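One structure is given here, and the rest of the page talks about it.
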């Protein structure tokens, strides 16, 4: 076999793998959209808002962060205790979560800001809404260093659905589970956030099927993007934002 034949064989194999992935995504989308199509109002909302919140995939701010024992000295639960190591800490209510089920509203463009111990750190902000306990809690999370890669990988996976045909699925309509994982870095062990698009038994992604919730999420995209723009304009780090009094993009609300 010549080198040209070998190259052609590799190219054909890659082409087939891409085709198989595209077919898998198409099948998942079709299964999900079987539910969406049953509601013509919801179907129209999906089409009209396919790009909402995903354009940048490339008072007190409602911070959601991962608690690290020995480092996160300002995190305090509403009962006065300390969050568990590796748990998500939601500052507005002093709650902790082992894992978070949420909808990701938007991911910011990258910017640089000085941290406590480092200068000129690359940051991206992620805004979403927690839906763990039947209440909608808006949040903003800072992602830097090794924490960025899992978020970028999530963005690539989500883009398969935001560009799907015949009905694209907006990123914020996907239900996402956030978990944490401890990983080794040059500065010791560190917690990173893992993203999982939640799925039905048939493998299709779980999406918003309630028009009221869908509209609620749309309405909050603009408000959180305004808050994020303010943070980026000031080049604020996570530590600086914790000290500021930036108005909430939205108060927590119960699902109707």
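The values are calculated or read from the model by the stated rules, or taken from the named source; none is laboratory data. All of these numbers come straight from a predicted model, not from anything done at the bench. Every residue, glycine as well, gets a Cβ built from its backbone with ideal geometry; the counts of neighbours run over all protein chains shown.
Summary of values
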| read-out | value |
| --- | --- |
| Residue within the stretch 196-213 that is within 11 Å of the chain's Cα centre (by Cα), modelled with pLDDT of 85 or more and farther than 19 Å from residue 72 by Cα present | yes |
| Complete set of residues in the stretch 118-135 that are out of contact with any helix residue (DSSP H, G or I) (no Cβ under 7 Å at 6 or more places or on another chain) and within 27 Å of residue 95 (Cα to Cα) | 123, 128, 130, 131, 132, 133, 134, 135 |
| Residues of the stretch 110-154 classified as loosely packed, with under 14 Cβ neighbours inside 10 Å, outside any strand (DSSP E or B) and on the phi < 0 side of the Ramachandran plot, total | 7 |
| Hey, residue 179 under 30 Å from residue 69 (Cβ atoms), at pLDDT below 85 and surrounded by fewer than 20 Cβ atoms within 10 Å (Cβ to Cβ) or not | no |
| Count of residues meeting criterion [part of a helix (DSSP H, G or I) and over 21 Å from residue 141 (Cα atoms)] in the stretch 171-221 | 5 |
| Among the candidates 95, 51, residue that is under 20 Å from the mean Cα position of the chain (by Cα), buried (at least 17 other Cβ atoms within 10 Å of the Cβ) and either modelled with pLDDT under 90 or over 22 Å from residue 155 (Cβ atoms) (or both) | 95 |
| Subset of the stretch 159-174 [in contact with a strand residue (DSSP E or B) (Cβ under 8 Å, 6 or more places away or on another chain) and either under 23 Å from residue 229 (Cα atoms) or surrounded by fewer than 18 Cβ atoms within 10 Å (Cβ to Cβ) (or both)] | 171, 172, 173 |
| Of the criteria (1) at pLDDT below 90; (2) farther than 16 Å from residue 129 by Cα, which one residue 192 fails | (1) |
